[in-house]
Every structure is written in C-alpha cells, then in structure tokens.
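Structure first, then comments.
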Amino acid sequence: MSHLFLIGFMGAGKSTVGQILADRLGLPFVDLDSRIEAHAGRSVVEIFDAEGEQGFRLRESEALAGLAEASSSVVACGGGVVLADENRRLLQEMGRVIYLAVSSGEALARIGDTTGRPLLERGDASAMAATLLRAREVLYRTVADVTIDTGGLSPEAVADVVYEALQAEERQGSAS
Ligand code: S3P
C-alpha cells in the first residue's frame, strides 16, 4: 500500500484535483471527509454540532489510520488533517504527501458559500480563514514531500503539475 495524499487548506482543490489524478493514475479516489461521513452516518456539519471539533478530529484520525489496510489510492484529506502529530506521522508513513498551497483569499473565492464548513462559520470567514491558514501553513509544509502553488491554476493544470512532479521523482529514483 502506498497512497498519494493531497493536503492543504479548504478550497485548495484537493477533491477535484484528486479525482483527476486518480483517473490518470488508474487508482481509486478516496475523499476522507466522505469516509468519515459514511462511517458516522452523519454529515461533517452534524458531527461538529453533535460531537464538537474534538469528536470530528477523532473520527478523522480513525479514518486516516484505516487507510493502512486499504489498497493504494489517491486521498483528498480535510484541511485540518495535519493538526495531529500522529496524523502527520501516518501521512508520511503511508505514502507521498502533496501540499496544494493556496492563499486564504483565493480559497474563500473558490469556496464561495461557506455553508458546510463549520470552522469558517464561527465568525468573519475571511479573518477565520487567514488565521487558520497562518497557523497551519508550517504543518502543511513540514509534512509535504512536494508543495505546489495552485494560485491562478485550474484543477487540470494543478493535476498536470502534480503528475509531472511524481514522474520526475520516479525518474530520479530509478537513476540513483
Ligand atoms: C476542515 C476542513 C474540511 C472538513 C472540516 C474541517 C478543516 O475539509 O474536514 O470541515 O479543519 O480545515 P475540506 O478541506 O475538504 O474543506
């Protein structure tokens, strides 16, 4: 098992790019939030409401750890997956980690309606997004094998850059 994990802030394009990459690589696509929802039998918003962020994070860590048993896939992770030390360890242990970097302003523009993103509904969305991203940026960069600046790029263009980066890594690997 070796997964390709896409990490980054809400609105970075992880799910859209992940689906394109999965098709291109001939691998299954896994959306970690969808897994959590299917397992919990409730939506992310309902989990936050009923169990708080802490309850959601526990479920997120369980879902991530569960991938150790799964066959290789492309995984779109929720934006907060990097918060727990253990999750960061698992990400690095279970595959390659790609950070799709985006500014908080562009992320919000891509998201549009923040309904369904409980962390952005706690106050002024743009201030929340900026604060959260500032706190997480270092974690995203620390855990990533490859960082891609997605600013101004379409999902297809981002997928192209990721694909090229993986091919280049493979060439380097086989040359050494
Ligand atoms: C979160 C991001 C969301 C979801 C949850 C928490 C976060 O996923 O996991 O609302 O902490 O950034 P997306 O990044 O797919 O929106």
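The values are calculated or read from the model by the stated rules, or taken from the named source; none is laboratory data. Fair warning: this is a prediction, and the values are worked out from it, not measured in the lab. Cβ atoms come from the backbone with ideal geometry, glycine included; neighbour counts cover every protein chain shown.
Among the numbered criteria (1) within 15 Å of the ligand (Cβ to nearest atom); (2) modelled with pLDDT under 95, which single criterion is violated by D124?
(1)
Only one residue in A76, A22 is under 24 Å from S154 (Cβ atoms), out of contact with any His (no Cβ under 8 Å at 6 or more places or on another chain) and near the ligand (Cβ under 9 Å from one of its atoms), so which one is that?
A76
Do the conditions hold for S103, that is, is it on the phi < 0 side of the Ramachandran plot, touching a residue at least 24 places away in the same chain (Cβ under 8 Å), of a type outside the set (D, E) and more than 16 Å from the ligand (Cβ to nearest atom)?
No.
State the number of residues belonging to region 3-19 that are hydrophobic (A, V, I, L, M, F, W, C), under 9 Å from the mean Cα position of the chain (by Cα) and within 12 Å of the ligand (Cβ to nearest atom).
5
Could you grab me the full set of residues in region 25-44 that are more than 8 Å from the ligand (Cβ to nearest atom) and either in contact (Cβ under 8 Å) with a residue 60 or more places away in the chain or aliphatic (A, V, I, L, M) (or both)?
Across region 25-44, the qualifying residues are L25, L27, V30, A38, A40, S43.
Can you report the number of residues in region 51-65 which are in contact with a Lys or Arg (Cβ under 7 Å, 6 or more places away or on another chain) and free of Cβ contacts under 8 Å to residues at least 12 places away in the same chain?
First, the residues of region 51-65 that are in contact with a Lys or Arg (Cβ under 7 Å, 6 or more places away or on another chain): 63.
Checking the rest, the ones that are also free of Cβ contacts under 8 Å to residues at least 12 places away in the same chain come to none.
Going through region 51-65 one residue at a time, the tally reaches 0.
So if I check each of L83, L90, L58, L108, which one is hydrophobic (A, V, I, L, M, F, W, C) and within 22 Å of V158 (Cβ to Cβ)?
Checking each option against the conditions leaves just L108.
Which of (1) among the polar types (S, T, N, Q); (2) within 14 Å of the chain's Cα centre (by Cα); (3) in a helix (DSSP H, G or I) is the odd one out, the single condition T147 does not satisfy?
(3)
Quick one: count up the residues across region 114-135 that are within 15 Å of the chain's Cα centre (by Cα) and either surrounded by fewer than 18 Cβ atoms within 10 Å (Cβ to Cβ) or aliphatic (A, V, I, L, M) (or both).
2
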